[in-house]
Structures are given as structure tokens and as C-alpha cells.
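Structure record follows, encoded as C-alpha cells.
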Amino acid sequence: MLDPFGRSISYLRVSVTDRCDFRCVYCMAEDMTFLPKAQVLSLEELDRVCSAFVGLGVRKLRLTGGEPLVRRNIMSLVRNLGRHLTSGALDELTLTTNGSQLARYAGELHAAGVRRINVSLDTLDAAKFTAITRWGKLDQVMAGIDAAKAAGIKIKINAVALKDVNEAEFDSMIAWSGEQGHDLTIIEVMPMGEIGEQRIDQYLPLSMVRARLARRWTLEDIDYRTGGPARYVRVRETGGRLGFITPLTHNFCESCNRVRLTCTGTLYMCLGQEDAADLRAPLRASESDDKLVAAIHEAIQRKPRGHDFIIDRRHNRPAVSRHMSVTGG
Ligand code: SAM
Ligand code: SF4
């Protein structure tokens, strides 16, 4: 699948639920209204859409959310999608998780073919962790991370940079990730959805974070790429990899290879734009995938050049109205 700018679309991210057991301050308001269950695709329907994308050349699938591991029976979807790894049609099946359910599922994930996951963790301080996630418990997430590591799954920690909240913690997170053998990626907060707080108060440009880290650590540029937007350095002192995702200070859209499906079957061709295509109607219109495949092709032809995220005093409104939990980050 080639988009109008010649980018090959080989990566599908699927938000399998918009629900979550945490309420991270930068992601959700505390009193979120979730989608009515009737609008949500069944696990069988999600499998059909994912498999259609695999048939069209998608090589990497990421399940996300909301929290993917709180969706009931989610492991049946993971196991079923694992067949595309076995057949060689898919290179990678992975997920992004808050880690709260990992202790329970790590073994099954590995058995289904999952070899790498992203775990979101913004601090190693238990009180701060609860302040950021509102409902989360650090111990539970740490136990999940340990279980995943023990099961043989490689872990990348994703931390969102939050002004005055965790900016002093990246040193300890770099040291801990290095010791544990986890990659670490720091992400700029993006202006998505009303969260009941001012984005400008959360926004911390990574150019500043990097400059500060460079005083303490030796950051060596490396070519390592995962097919995502992160730019990596090697931290000489720990030997670990450190990534920076900078949608605001450095736009990465020119190499975008991905599209995003919500749990209701809406396809977003760009994280930072409102345009979307409904795949649920063509999916449900017939048992054959012809209409679905045609709708996917039509949508890819509408993939925009890029997003227009800005956070400053004059642009203190969400760039898009939906929350990150809808399209899964
Ligand atoms: N619940 C899972 C988790 O937290 O990993 C998966 C979904 S979550 C929406 C995916 C990623 O998006 C997380 O790493 C989270 O920190 C990040 N995220 C959420 N809201 C964000 C925002 N406004 N700006 C930047 N990253 C955000
Ligand atoms: Fe839930 Fe992930 Fe959003 Fe936090 S970032 S509220 S864990 S979906």
C-alpha cells in the first residue's frame, strides 16, 4: 500500500478498547465517558480487519488502547493474530501497555509470539506514579515488567516528559533501564483531547531534556531504527539505548509508515488530524472482505502529509478533539 506521498504503509496500530484501569493526567480526564459497547468491534471483527491489512502488506501490528490487556478475552485475539507470524506474513506482533496486567499475561504473550513490548512508565517514584496515573500502583507495574522480562520479552519503557513532574527523574530512569537491559524512550506530550488541565503547563520540549541529560551522560548518536519515529542515542555509561520522540520540536511525518484503527473500526490515517475512514460498515456489509479492502485502499489515498501539533500560549487547545486512548498513541 502506497500513500499519495509515496510512503509505504506497513504498520497498523489497533486500539482494542478505549477503556483503561488508569487515568493518566496527560491522557484522560478523570471522569471519562467511554464508547458504548455496542459500537465496539468484536474480537473476531478486529481479527478480520487486522488480517485484511496483513493481506495488503502490513508487516507489523501493535495492539494498544486504552489499556489493551483490560479487554476481556484479549489473549484470544493475540493468539489468533499469532498465526500470521507463524505463516511469515507478519514480522512483528506487539503491544503498548501500562503494565498493570502483565504479571498475569506475560507467559501467554510470549507463547503467542510476542517478543517485544512497550511499557509506559513515567517515574520510578511510587507516590508520583500514583499522582500521574491517578489510579495506578507502581509495584504492580514493576512486577509486570519483571514477569515480562522473565518470560523472554524485550521491553522498551516509554516515558512522557512532563514539566515540573518527572523532568528531574530521567537520570534515575536511564540508570535503571540500563541496569535492567530495557530501552528507554522519552516522548513529548501531544495536544490531544480535553484533559481538564492546561497542556502548556505539562509541555516540556525534549530539546531541553536532551541538553540537560548531555551534561551528565555521554549520548552517542546511533543509526538504530525500529520503524517508529524515535531517534536513538547510546548512553555510553550504561550501554543502553535512549530514544527521543519529538512530534513538536522535530516533525517526523516524512517517514510515517503507519495508520491507526480504533476499537469501533474507524481508521485514522494520521494521529494528529481529524480525517478518518469508517471500516465497520464495509466490514459488516458482507462476509467477503472485498468492500473492506476497497475501503482500506480508498482511505490510504487520503493519508495526509503530516500533523500540525503546536503548543504555546496562543494554541492552548487540543490539535484534535479525541483523546490519545482512542487512537492509542
Ligand atoms: N494504556 C497503554 C499505555 O499507557 O501504554 C496504551 C495506550 S496509551 C494511550 C499509549 C501511549 O500514549 C502511552 O505511552 C502514553 O504515555 C502515551 N500518551 C497518552 N497521552 C499522551 C499525550 N497527550 N501525549 C503524548 N503521549 C501520550
Ligand atoms: Fe490509560 Fe495508557 Fe492513557 Fe494512561 S496513557 S490513561 S494507561 S490509556
* **lysines whose Cα lies under 21 Å from that of Lys163, excluding same-chain neighbours fewer than 8 positions away** => Lys128
* All-pairs Cα distance distribution in the chain, expressed in whole percent, bin size 10 Å -> 6, 26, 36, 25, 6, 0
* **Dipole magnitude of the chain about its Cα centre (Cβ charges: Lys, Arg +1; Asp, Glu -1), debye to nearest 20** => 380
* Structure fact -> Taking the alpha-carbon centre of each part, the distance from the stretch 132-174 to the stretch 1-57 in Å is 23
* Asked: How do 142-148, 216-222 rank on mean C-beta neighbours within 10 Å, highest first?
  -> 142-148, 216-222
* Structure fact -> Per-residue ellipticity at 222 nm attributable to helices in the chain (runs of n ≥ 4 DSSP H, -39500 (n - 2.57) apiece, nearest 500 deg cm²/dmol) works out to -9000 deg cm²/dmol
* Asked: When Lys and Arg each count +1 and Asp and Glu each count -1, what net charge do the other residues less than 15 Å away from Arg241, Cβ to Cβ, add up to?
  -> +2
* Given H placed on each backbone N at 1.01 Å, which residues far from Arg116 in sequence or on other chains put an amide H within less than 5 Å of it? -> Lys154
* Asked: Using θ = phi - 60° and the Karplus form 6.51 cos²θ - 1.76 cosθ + 1.60, what ³J(HN,Hα) does each residue of the stretch 87-101 get, whole Hz, x for Gly and Pro?
  -> 6, x, 6, 10, 8, 8, 10, 9, 8, 10, 9, 7, x, 5, 10
* Structure fact -> Taking a straight Cα-to-Cα line shorter than 17 Å from Lys60, and setting aside same-chain lysines fewer than 8 residues away, one finds Lys154, Lys156
* Asked: For the stretch 35-104, rounded, prolate or oblate, judged on the Cα gyration tensor with a ≥ b ≥ c (square roots of eigenvalues), a/c < 1.5 rounded, else prolate if a/b > b/c?
  -> oblate
* **Listed residues Pro4, Val141, Cys270: farthest to the positive end of the dipole of the chain (Cβ charges)** => Pro4
* **For peptides 111-120, 170-179, 92-101, 36-45, sequence by mean Cβ density within 10 Å, most packed first** => 92-101, 111-120, 170-179, 36-45
* Asked: Counting other C-beta atoms within 10 Å, which of Val233, Val16 has the fewest, and how do the rest follow?
  -> Val233, Val16
* Orphan Cys of the chain, criterion: no other Cys C-beta under 4.7 Å -> Cys20, Cys50, Cys253, Cys256, Cys263, Cys270
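FYI, it's all coordinate maths here, none of it is from the lab. In this text the structure is predicted, and so the values were computed from the model without any measurement. We place every Cβ from the backbone using ideal geometry, glycine too, and count neighbours over all the protein chains shown.
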